[in-house]
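> My structure is below; once you've seen it, I'll send some questions.
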Amino acid sequence: MKFIVQWNGLPTAENSVIERFMKTGGQAPEGVKLLGRWHAVGGLHGFAVVEAEDTRGLAALALEWGDLLTMSVVPAMTDEELGAALGAQQAARK
């Protein structure tokens, strides 16, 4: 399943975030596949799209950065997946 992970940090955490990212490379924990990650220019916020079979790796990710960033993790669907769900809903209504 795919998830969107968004993060925000306070300016006071900037040096610590940079240090940790440079040390770890921001690698995803076991069980989480990073599909893409984007960072805002001039701020400690951005988002990533990841894939995971369950939430254990997502919890590890949030806990790893939770002392420096606030994180939001929500399920995500592709256009194709959403289209299939909408098609099934329309068919059920007929």
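Bear in mind that the values in this text are calculations on the coordinates, not laboratory data. Please read all numbers here as calculations on a predicted model, not as lab measurements. Glycine gets a Cβ as well: all are built from the backbone with ideal geometry, and neighbour counts include every protein chain shown.
> If residue 20 meets every condition in (1) over 13 Å from the mean Cα position of the chain (by Cα); (2) surrounded by fewer than 15 Cβ atoms within 10 Å (Cβ to Cβ) apart from one, which number is that one?
All conditions are met except number (2).
> Considering each of 58, 35 in turn, give the residue that is under 12 Å from residue 4 (Cβ atoms) and surrounded by fewer than 15 Cβ atoms within 10 Å (Cβ to Cβ).
35
> Considering only residues that are of a type in the set (Gly, Ala, Ser) and over 11 Å from the mean Cα position of the chain (by Cα), which ones fall in region 30-56?
31, 40, 42, 43
> Name the single residue that is surrounded by the fewest Cβ atoms within 10 Å (Cβ to Cβ) among those in region 40-55 being small (Gly, Ala, Ser) and within 11 Å of residue 3 (Cβ to Cβ).
52
> Could I ask something else about it? Say whether the condition of being surrounded by 11 or more Cβ atoms within 10 Å (Cβ to Cβ) and touching a His at 6+ places or on another chain (Cβ under 8 Å) is met by at least one residue in region 77-90.
Taking every residue of region 77-90 in turn, none turns out to be surrounded by 11 or more Cβ atoms within 10 Å (Cβ to Cβ) and touching a His at 6+ places or on another chain (Cβ under 8 Å).
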